[in-house]
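**Q** Below you'll find the structure I mean.
Each reported figure results from applying straightforward, stated rules to the coordinates on display, with no laboratory input. The shown structure was predicted, so the numbers you read here are calculated from the model rather than taken from an experiment. A quick note on method: Cβ atoms are made from the backbone with ideal geometry, for glycine too, and the neighbour counts reach across all protein chains shown.
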Amino acid sequence: MKKGIHKKIVGLAMALFILTPLLAAAPTPNTPDVLALNENTVGLEYGQETDLGERDPRSIVASIINISLGFLGILAVVIILVGGFKWMTAAGNEDKVNEAKKIIVAGVIGLVIILAAWGIANFVLEQLMEATTNG
């Protein structure tokens, strides 16, 4: 019982140790003085006031989706490579070969799902941008 609690405490401490510098270095938005703003300027320069940049939120979402799906695609390829490595080092052991085949099939299925998700997300975002822009 004490060993399980000890592992949880150590895990929590390690997570806090890793996250503390990241959270401390996170940029904080500049909050404008509410009294200095009048009704003509409120909301017009939100990108400058909040330090969020001048990019369109739709393109930001598209970039986040593309980056995350790209990362998942790399992860799926690594899984396929791990399965291939296990197969090559199986030395004729049928159990290890079957396990490697299962890993490769899972990686390929994951890659197909990721590519389908990218295609669907790309289509939806293009249609959304086309429908919401002037012209």
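**Q** By how many nm would the segment from Val77 to Lys102 grow when fully extended, if each residue of separation counts as 0.36 nm and the alpha-carbon distance is taken off?
**A** 7.6 nm
**Q** I would also like to ask the following. Lys and Arg at +1, Asp and Glu at -1: add these up for the other residues within a Cβ distance under 13 Å of Arg58 and post the number.
**A** Net local charge, Arg58 excluded: -2.
**Q** Cut-off 19 Å, label point 7 angstrom out along Cα-to-Cβ of Phe123: give me the residues of segment 66-89 whose amide nitrogen falls inside.
**A** Residues 66, 69-70 qualify, since their backbone N sits under 19 Å from the label point.
**Q** Just to confirm a number: summing +1 for Lys and Arg and -1 for Asp and Glu over residues other than Ala90 whose beta-carbon lies under 11 angstrom from that of Ala90, what do you get?
**A** Local charge sum for Ala90: 0.
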